[in-house]
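**Q** The structure follows.
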Amino acid sequence: MPELPEVEVTRRGVAPHIEGRAVRDVVLRRAGLRWPFPACLPEVLADRTVVTTGRRGKYLLVEFEHGTLIIHLGMSGHLRVLPPGVPPEKHDHFDLVVEGAEGRQVLRMTDPRRFGAVLWHPKDEGDVDAHLLLRGLGVEPLGPDFTGELLYRQTRGRSAAIKQVLLAGDIVVGVGNIYCSESLFRAGINPKTPAGRIGRARYDKLAQAIRDVLAEAIVQGGSTLRDFIAVNGQSGYFQQSYFVYDRADVPCRVCATPIRQIKQGQRSTFYCIKCQK
């Protein structure tokens, strides 16, 4: 599943092609993906100009003066910017056709497994953060509100494993399975450790590790596992820098102890029993 770095890489790739451009057409090739497409989209967006793009966790936001288009890539989705006239393929479900000084371009969403989403939040229903899918999300890990103090304060009395607490998204949003495993390794924290038993100093280290891992992944174009490719069709290469993720039984890059793999909440966890306490 595309995680925060992949969505941010997508946003940065899309932004120059659609910001400040007027929508000339919206093409819906099926009734919906994970949820139905808003049938009104072609009329709602006709001749409207994209003001800016944003991101909230793993949700891509395309903002207009009268509302926000919310896009989620699901488990296998990606966006591409194409010239007009490129025939759609089997899994191409949504096109946003925009026009600028250089002519028309097509923002096309491809989603083979159809777990993605394209939704509309009108401005007269309040800020987009009030949308049902966004209102319960935690702070952004790359923003100023994310600190070790926040992690420490919000985990007092919580007995769940720290990895599960991070993945829940109610404290900090967008730290998915891959980057959670990598961040815990850098911070030297065993993913099974109860969140409430971790002290302030270790949370300071973990917060910094999360920021560093996500920032590095964005610079490297994210990770390419199965379906994800960037808007320009290129693959990310952060997976070449993994210390633990998807490296079961391979010697740790730091201490040579074989990396261990376990299941936590139906998700695979990778860690070093020597480096992470």
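The values are calculated or read from the model by the stated rules, or taken from the named source; none is laboratory data. A quick note: this is a predicted structure, and the numbers were derived from the prediction, not measured. Neighbour counts are summed over all protein chains in view; Cβ atoms, including those assigned to glycine, are modelled from backbone coordinates with ideal geometry. Calculation scope for accessible area: heavy atoms of the full protein, side chains included, ligands and nucleic acids excluded. Shrake-Rupley method; radii C 1.70, N 1.55, O 1.52, S 1.80 Å.
**Q** Could you list all residues from segment 185-200 that are touching a residue at least 12 places away in the same chain (Cβ under 8 Å), farther than 20 Å from Ala248 by Cβ, open to solvent by 10 Å² or more (accessible area, probe 1.4 Å) and part of a helix (DSSP H, G or I)?
**A** Listed by number, the residues that qualify are Gly196, Arg200.
**Q** It is to be established whether one or more residues within segment 43-50 are under 13 Å from Val27 (Cα atoms), part of a loop (DSSP other than H, G, I, E, B) and at pLDDT 95 or above.
**A** Going through segment 43-50, the residues under 13 Å from Val27 (Cα atoms) turn out to be 43-46.
Still in the list and also part of a loop (DSSP other than H, G, I, E, B): 46.
Those still in the list that are at pLDDT 95 or above too: 46.
Yes, segment 43-50 contains a residue that is under 13 Å from Val27 (Cα atoms), part of a loop (DSSP other than H, G, I, E, B) and at pLDDT 95 or above.
**Q** While we're looking at this one, here's another question. Can you say whether Val44 is within 20 Å of Pro88 (Cα to Cα) and of a type in the set (Val, Ile, Thr), as far as the supplied structure shows?
**A** Working: within 20 Å of Pro88 (Cα to Cα): no; of a type in the set (Val, Ile, Thr): yes.
Judged against the criteria, Val44 is not a match.
**Q** Scan segment 62-80 and tell me whether some residue there is open to solvent by 10 Å² or more (accessible area, probe 1.4 Å), of a type outside the set (Ser, Thr, Tyr), at positive phi and over 21 Å from the mean Cα position of the chain (by Cα).
**A** Checked against the condition, which is being open to solvent by 10 Å² or more (accessible area, probe 1.4 Å), of a type outside the set (Ser, Thr, Tyr), at positive phi and over 21 Å from the mean Cα position of the chain (by Cα), segment 62-80 yields no hits at all.
**Q** From the list Leu184, Leu167, Leu150, Leu137, pick out the single residue that is in contact with a Leu (Cβ under 9 Å, 6 or more places away or on another chain) and hydrophobic (A, V, I, L, M, F, W, C). Spell out how you get there, then give the answer.
**A** Values: Leu167 fails: in contact with a Leu (Cβ under 9 Å, 6 or more places away or on another chain); Leu150 fails: in contact with a Leu (Cβ under 9 Å, 6 or more places away or on another chain); Leu137 fails: in contact with a Leu (Cβ under 9 Å, 6 or more places away or on another chain).
None of the others qualify; the one that does is Leu184.
**Q** For segment 219-251, how many residues meet the condition of being at pLDDT 90 or above, over 15 Å from Tyr179 (Cα atoms) and open to solvent by less than 40 Å² (accessible area, probe 1.4 Å)? Break it down stepwise before answering.
**A** Residues of segment 219-251 that are at pLDDT 90 or above, as a first pass: 242-251.
Of the ones still in play, those that are also over 15 Å from Tyr179 (Cα atoms) are 248-251.
Checking the rest, the ones that are also open to solvent by less than 40 Å² (accessible area, probe 1.4 Å) come to 248.
The qualifying residues number 1.
**Q** Hey, could you check segment 22-45 for residues that are open to solvent by 50 Å² or more (accessible area, probe 1.4 Å) and in contact (Cβ under 8 Å) with a residue 12 or more places away in the chain and say which is nearest to Glu102 (Cα to Cα)?
**A** Taking segment 22-45 first, the residues open to solvent by 50 Å² or more (accessible area, probe 1.4 Å) are 24-25, 28-31, 34-36, 39-40, 43.
Now restrict to residues that are in contact (Cβ under 8 Å) with a residue 12 or more places away in the chain: 24-25, 28-30, 34-35, 40.
On the way: Arg24: 14, Asp25: 17, Leu28: 25, Arg29: 26, Arg30: 30, Arg34: 34, Trp35: 34, Cys40: 28 Å.
Among them, the one singled out is Arg24.
**Q** Going through Glu182, Glu216 one at a time, which residue ends up being acidic (Asp, Glu), assigned to a helix (DSSP H, G or I) and modelled with pLDDT under 95?
**A** Details: Glu182 fails: modelled with pLDDT under 95.
Going through Glu182, Glu216 in turn, the sole match is Glu216.
**Q** Kindly indicate which of Ala160, Ala168 is closer than 14 Å to Arg267 by Cβ and free of Cβ contacts under 8 Å to residues at least 24 places away in the same chain.
**A** Numbers: Ala160 fails: free of Cβ contacts under 8 Å to residues at least 24 places away in the same chain.
The match here is Ala168.
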